[in-house]
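Enquirer: First, the structure itself, so that you have it in front of you.
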Amino acid sequence: MRVLETALTATFGALLGWLAGWPLDLGVWTAAVAALNGALSGFHRIYPWKTGPGWAGFVLDSTWGLIGTAGSLLFHLVQLVMPSGRYREELSTRRGRHVYDGGYRIKPGFATAIGNVITNAGGTAGLDGAGGPRRRLLVDRHEMLHVWQHRWFGPLFPVLYTAWALIAGLIGVVVAVATKRPIGKSIVTLAYFDNPFEYWAYRRDRYWPPGGADPGLAWKGSIREDTIL
């Protein structure tokens with residue numbers, strides 16, 4: 001069955017990808033990306049076909065969300081050369097995502113989601129340590145929302161996310177100088193933590209404001225279920 005699912009998701013993914021890229025004369029490239037995603041995702045059986053979100057995830061990964069999907073394929077390659085990049089079947093199968101315990105990270109302790117791939121899910125301690133249950137909640141709530149943001153917003157997501165980070169980062173420098181705040185913390189708070197996509201994810205994870213944010217610059221409102229990360 002795994003071989004059949006791999007073949008079918010690769011084939012239909014390629015068809016959807018070609019249809020998505022055809023109006024822009026990019027059908028060959030978009031079909032290739034969607035086919036590779038279909039093959040990997042079919043082999044790992046990530047899509048929950050018995051649910052509406054399972055089908056929606058597959059269609060969006062193969063069409064509107066193809067930029068995020070292309071990024072996720074690069075993440076798969078990076079994980080292959082990273083000794084800590086262990087694939088977690090139990091957090092991936094029929095969950096609509098690929099989860100790696102370690103591997104690529106922007107910052108120690110921070111998980112990262114690109115397309116349908118989540119890396120460094122275990123943080124510095126790993127998913128099997130004392131903090132594992134809390135990290136699993138982080139994957140299910142925070143990082144899985146980022147997976148869907150890639151799907152829902154498609155090519156707009158990286159543009160809007162990056163634009164906010166750049167503009168807010170510059171504002172952070174000005175605010176830090178004007179108010180004599182630490183420049184680094186001001187930039188991180190405004191450019192990252194206050195980014196609407198991140199704020200949405202942190203609130204969904206019931207972890208706001210985050211410990212690394214400047215409380216004077218972070219969006220107002222508090223919601224804390226657990227402070228262990």
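The values are calculated or read from the model by the stated rules, or taken from the named source; none is laboratory data. This structure is a prediction, so every number in the text was calculated from the model and none was measured. All Cβ positions, glycine included, derive from the backbone under ideal geometry; neighbour counts span all protein chains shown.
Enquirer: Failed condition for D194, given (1) surrounded by fewer than 19 Cβ atoms within 10 Å (Cβ to Cβ); (2) under 30 Å from A56 (Cα atoms), with all others met?
Expert: The one condition D194 does not meet is (1).
Enquirer: Oh, and also: Kindly list the number of the only condition in (1) in contact with a Gly (Cβ under 8 Å, 6 or more places away or on another chain); (2) closer than 24 Å to A34 by Cβ; (3) in a helix (DSSP H, G or I) that fails for G85.
Expert: So the condition that G85 fails would be (3).
Enquirer: Moving to a separate point now. Among the residues of segment 60-70, is there at least one that is out of contact with any Cys (no Cβ under 9 Å at 6 or more places or on another chain), farther than 17 Å from H146 by Cβ and buried (at least 24 other Cβ atoms within 10 Å of the Cβ)?
Expert: At the first step, the residues of segment 60-70 found to be out of contact with any Cys (no Cβ under 9 Å at 6 or more places or on another chain) are 60-70.
Pick out the ones that are also farther than 17 Å from H146 by Cβ and you get 62-63.
When the remaining residues are screened for being buried (at least 24 other Cβ atoms within 10 Å of the Cβ), the result is 62.
Yes, because at least one residue in segment 60-70 is out of contact with any Cys (no Cβ under 9 Å at 6 or more places or on another chain), farther than 17 Å from H146 by Cβ and buried (at least 24 other Cβ atoms within 10 Å of the Cβ).
Enquirer: Give the residue, chosen from R136, R105, that is assigned to a loop (DSSP other than H, G, I, E, B), at negative phi and within 15 Å of the chain's Cα centre (by Cα).
Expert: Working: R136 fails: assigned to a loop (DSSP other than H, G, I, E, B).
Result of the check over R136, R105: R105.
Enquirer: May I ask you to list pairs of residues, at least six apart or on different chains, whose Cβ atoms are under 9 Å apart, with the first in segment 1-27 being of a type in the set (S, T, Y) and the second being outside any helix (DSSP H, G or I)?
Expert: Pairs found: T6/R45; T9/Y47.
Enquirer: What residue, of A125, A218, is farther than 30 Å from L24 by Cα and in contact with a Phe, Trp or Tyr (Cβ under 7 Å, 6 or more places away or on another chain)?
Expert: Details: A125 fails: in contact with a Phe, Trp or Tyr (Cβ under 7 Å, 6 or more places away or on another chain).
On inspection, the qualifying residue turns out to be A218.
Enquirer: Any residue at all in segment 145-152 that's among the aromatic types (F, W, Y), assigned to a helix (DSSP H, G or I) and within 21 Å of N116 (Cβ to Cβ)? Before the answer, list the steps.
Expert: In the first step, residues of segment 145-152 are kept if they are among the aromatic types (F, W, Y); the result is 148, 152.
Filter again for assigned to a helix (DSSP H, G or I), leaving 148, 152.
Narrowing further to those that are within 21 Å of N116 (Cβ to Cβ): 148, 152.
Checking segment 145-152: at least one residue is among the aromatic types (F, W, Y), assigned to a helix (DSSP H, G or I) and within 21 Å of N116 (Cβ to Cβ).
Enquirer: Which numbered condition in (1) crowded, with 19+ Cβ neighbours inside 10 Å; (2) in contact (Cβ under 8 Å) with a residue 40 or more places away in the chain; (3) not assigned by TED's automatic domain parsing to the domain that holds A70 is the only one that P209 fails?
Expert: P209 satisfies all of (1) crowded, with 19+ Cβ neighbours inside 10 Å; (2) in contact (Cβ under 8 Å) with a residue 40 or more places away in the chain; (3) not assigned by TED's automatic domain parsing to the domain that holds A70 except (2).
Enquirer: Report yes if some residue within segment 79-86 is farther than 18 Å from F197 by Cβ, among the hydroxyl-bearing types (S, T, Y) and touching a strand residue (DSSP E or B) at 6+ places or on another chain (Cβ under 9 Å); otherwise report no.
Expert: Applying the first criterion (farther than 18 Å from F197 by Cβ) to segment 79-86 yields 79-86.
If we keep only those that are among the hydroxyl-bearing types (S, T, Y) as well, we get 84.
Going one step further and asking which of them are touching a strand residue (DSSP E or B) at 6+ places or on another chain (Cβ under 9 Å), we end up with 84.
Checked against the condition, which is being farther than 18 Å from F197 by Cβ, among the hydroxyl-bearing types (S, T, Y) and touching a strand residue (DSSP E or B) at 6+ places or on another chain (Cβ under 9 Å), segment 79-86 yields at least one hit.
Enquirer: Please pick out the residue among A113, A121 that is crowded, with 17+ Cβ neighbours inside 10 Å, without any contact (Cβ under 8 Å) to a residue 40 or more places away in the chain and in contact with a strand residue (DSSP E or B) (Cβ under 6 Å, 6 or more places away or on another chain).
Expert: On the way: A113 fails: in contact with a strand residue (DSSP E or B) (Cβ under 6 Å, 6 or more places away or on another chain).
None of the others qualify; the one that does is A121.
Enquirer: Could you tell me whether segment 175-194 includes any residue that is closer than 23 Å to G65 by Cβ and part of a helix (DSSP H, G or I)? Write out each step before concluding.
Expert: First, the residues of segment 175-194 that are closer than 23 Å to G65 by Cβ: 192.
Add one more test, that the residue is part of a helix (DSSP H, G or I), and what stays is 192.
Within segment 175-194, one or more residues are closer than 23 Å to G65 by Cβ and part of a helix (DSSP H, G or I).
Enquirer: From the list T93, T30, T6, exactly one residue is among the polar types (S, T, N, Q), surrounded by fewer than 20 Cβ atoms within 10 Å (Cβ to Cβ) and in a helix (DSSP H, G or I). Which is it? Spell out how you get there, then give the answer.
Expert: Values: T93 fails: in a helix (DSSP H, G or I); T30 fails: surrounded by fewer than 20 Cβ atoms within 10 Å (Cβ to Cβ).
That would be T6, the only listed residue that is among the polar types (S, T, N, Q), surrounded by fewer than 20 Cβ atoms within 10 Å (Cβ to Cβ) and in a helix (DSSP H, G or I).
Enquirer: Can you go through T11, T63, T30 and tell me which one is farther than 26 Å from N120 by Cα and within 19 Å of the chain's Cα centre (by Cα)?
Expert: It is T63.
Enquirer: Which one of these does S186 not meet: (1) surrounded by 19 or more Cβ atoms within 10 Å (Cβ to Cβ); (2) in contact with a His (Cβ under 8 Å, 6 or more places away or on another chain)?
Expert: (2)
Enquirer: Among what's in segment 135-165 and is among the charged types (D, E, K, R), surrounded by fewer than 18 Cβ atoms within 10 Å (Cβ to Cβ) and touching a residue at least 40 places away in the same chain (Cβ under 8 Å), pick the residue that is farthest from W200 (Cα to Cα).
Expert: So in segment 135-165, the residues among the charged types (D, E, K, R) come out as 135-136, 140-141, 143, 151.
With the extra rule that they be surrounded by fewer than 18 Cβ atoms within 10 Å (Cβ to Cβ), the set shrinks to 136, 140-141.
Filter again for touching a residue at least 40 places away in the same chain (Cβ under 8 Å), leaving 136, 141.
On the way: R136: 18, R141: 10 Å.
Top of the filtered list is R136.
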